[in-house]
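A short worksheet on the structure shown next.
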Amino acid sequence: MNKQIIFTRLNTAELLTIEDEHLGSHDVKVKTLLSTVSCGTERANITGDLNVAGASAPEKVAKFPRVAGYSSVGIVEEVGDEVKSVVPGDRVCVYWGKHKIYNILPEERVVKIDDDRIDNNTAAMAFIATFPMAAVRKTKVELGETAMVMGLGILGQCAVQLMHAAGAVPVIAADPNPARREQALAHGADFALDPLAEGFAQRVKELTGGINAAVEVTGVGAGLDETLDCMAKFGRVALLGCTRDKNFTIDYYRKVHCPGISLIGAHTNARPNQESSAGLFTHRDDIRAVLKLAANGRICLQDMVAEIHSPADCGAVYDRLVNDRNFPTVVQFDWTKLD
């Protein structure tokens with residue numbers, strides 16, 4: 001028997017029993033231990049956002065059911081005849097899986113965890129952490145350059161840690177939520193500022209002389225506009241979050257064209273599928289990089305986890321995600337609680 005969290009209708013999540021899938025010769029069956037909520041993406045899905053399909057054309061009417069839950073950790077239960085990289089009993093990171101007890105997916109979507117220093121909370125976040133990792137790589141931040149992360153949800157908090165690990169200094173963290181600013185300071189930000197405060201951009205430039213590399217993760221156009229006001233000449237801005245918001249305008253001539261700013265598409269699928277190169281890593285290689293950074297103390301994902309719930313409580317959890325502006329940055333589902 002398999003169970004999965006499904007957004008059955010607008011603003012509604014349910015844990016439902018689903019049919020078992022067929023295991024193909026190149027597939028791996030993984031029993032989930034923990035899965036992580038990706039707040040921005042999952043809020044967009046459950047609230048019926050029409051622009052959630054990446055490169056696909058937006059829907060004209062929100063269609064349900066919808067599913068989510070793409071970053072998890074589990075134990076391999078069964079493998080297809082052609083699978084070579086994992087065996088039953090291996091602990092693995094799963095990417096592009098779902099919030100469900102058993103995920104059956106192609107072998108390339110599981111990454112074996114060989115290091116015992118990696119806890120399950122970290123492993124369940126590893127794939128999500130590759131999203132801001134790709135954005136940071138694309139900014140080509142250099143040692144000693146100034147950096148800013150605009151928006152401090154789960155992706156922004158990870159981006160702060162990664163900018164710090166990459167040698168950016170100072171790292172500016174920006175979010176209206178004071179609790180999120182405090183969290184960012186605890187994880188590598190040198191300064192944490194409220195972007196809604198009067199004189200925000202001026203204060204950033206006083207502290208930095210202008211930002212060389214920025215990751216925009218707010219999901220609203222105003223976040224990008226404010227980020228551009230903080231940039232140094234020839235600065236680079238990775239667009240990790242704002243592109244879902246279409247109802248905004250930018251003075252591109254003054255804020256982009258004249259200062260020579262680079263705006264970089266940083267959707268997680270805008271990366272190579274098979275072979276990594278400088279600035280462009282595959283999902284698998286970035287997952288391995290996240291695990292190495294965590295195992296050696298360069299980043300700390302475990303401390304970001306605020307709440308862990310049984311999947312049976314998903315209705316209440318997602319109700320809060322929809323309605324509570326102070327919903328925690330990182331929430332996970334513990335699937336062992338269903339045993």
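The values are calculated or read from the model by the stated rules, or taken from the named source; none is laboratory data. Fair warning: this is a prediction, and the values are worked out from it, not measured in the lab. Ideal geometry is used to build each Cβ from the backbone, glycine not excepted, and the neighbour counts take in all protein chains shown. The area values use the complete protein model at the heavy-atom level, side chains included, leaving out ligands, DNA and RNA. Shrake-Rupley method; radii C 1.70, N 1.55, O 1.52, S 1.80 Å.
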Fill in the blank from the handout: Sorted by chain and number, the residues with a modelled amide H under 5 Å from that of Ala192, at a separation of 5 or more or across chains, are Ala173
Exercise for the section: Could you pull out every one of the aspartates and glutamates with an alpha carbon less than 17 Å from that of Lys337, ignoring same-chain neighbours closer than 8 positions? Expected result: Glu14, Glu307, Asp313
Exercise for the section: On the protein heavy atoms, probe 1.4 angstrom, tell me the percent of accessible surface of the chain carried by carbon and sulfur. Expected result: 48
Fill in the blank from the handout: For the Ser277, Asp116 Cβ pair and Förster radius 41 Å, calculated FRET efficiency rounded to 0.05 is 0.85
Completion exercise
Taking only the alpha-carbon positions of the chain as identical scatterers, the Debye log10 I(q)/I(0) at q = 0.08 Å⁻¹ comes out as -0.37
Problem - Between segment 88-153 and segment 249-303, the alpha-carbon center distance in angstrom - result: 12
Fill in the blank from the handout: Once the dipole of segment 70-222 is set up from charges on Cβ (+1 Lys and Arg, -1 Asp and Glu), the residue from the list Ile104, Gly156, His187 lying farthest towards its positive end is Gly156
Completion exercise
By the mean-Cβ-within-10 Å protection proxy, highest first, 41-48, 118-125, 266-273 rank as 118-125, 41-48, 266-273
Handout entry: Set of aspartates and glutamates with alpha-carbon distance to Lys255 below 14 Å, sequence-local pairs under 8 removed
Key = Asp225, Glu226, Asp229
Fill in the blank from the handout: Full extension between Lys337 and Ala222 adds, at 0.36 nm per residue less the Cα distance, a length in nm of 37.3 nm
Handout entry: Kirkwood-type radius of segment 77-225, with distances r between different C-alpha atoms, in Å
Key = 17.1
Completion exercise
Residues whose modelled amide H sits under 5 Å from the amide H of Gly74, counting only those 5 or more places away in sequence or on another chain, are Leu33, Val92, Val94
Handout entry: Other-chain or far-sequence residues with amide H under 5 Å of Asp119's (modelled H)
Key = none
Fill in the blank from the handout: Residue-ordered couplings for segment 106-116, obtained by feeding phi - 60° into the Karplus form 6.51 cos²θ - 1.76 cosθ + 1.60 and rounding to whole Hz (Gly and Pro as x), are x, 3, 5, 9, 10, 10, 5, 9, 9, 9, 5
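With a/c under 1.5 counting as rounded, go ahead and sort segment 225-291 into rounded, prolate or oblate using the C-alpha gyration tensor (a ≥ b ≥ c being the square roots of the eigenvalues; past the cut-off, prolate if a/b is larger than b/c, else oblate). If you can, show how the numbers build up before the last one.
On the way: a/c = 2.85, a/b = 2.02, b/c = 1.42.
In terms of gyration-tensor shape, prolate.
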Practice task
Sticking with the crude label model, points 7 Å out along Cα→Cβ, report the distance from Lys292 to Ala270 in nm, one decimal please.
Solution key: 2.5
Fill in the blank from the handout: With a ≥ b ≥ c from the Cα gyration tensor eigenvalues, square-rooted, and the rule rounded for a/c under 1.5, otherwise prolate when a/b > b/c and oblate otherwise, segment 138-255 is rounded
Exercise for the section: Could you provide, to the nearest whole Å², the per residue accessible area of the chain with probe 1.4 Å? Expected result: 45
Exercise for the section: State, as an integer percentage, the relative contact order of the chain based on alpha-carbon contacts under 8 Å between residues 6 or more apart. Expected result: 18
Problem - Gain upon complete extension [Glu21, Ser85; 0.36 nm per residue less C-alpha separation] - result: 20.9 nm
Problem - Cleavage-rule hits (GluC sites (Glu not before Pro)) in segment 78-169: DSSP loop, at most 14 neighbouring Cβ within 10 angstrom - result: Glu82, Glu142
Completion exercise
Checked segment 223-339 against the a/c 1.5 cut and the a/b vs b/c comparison, axes a ≥ b ≥ c from its Cα gyration tensor; verdict oblate
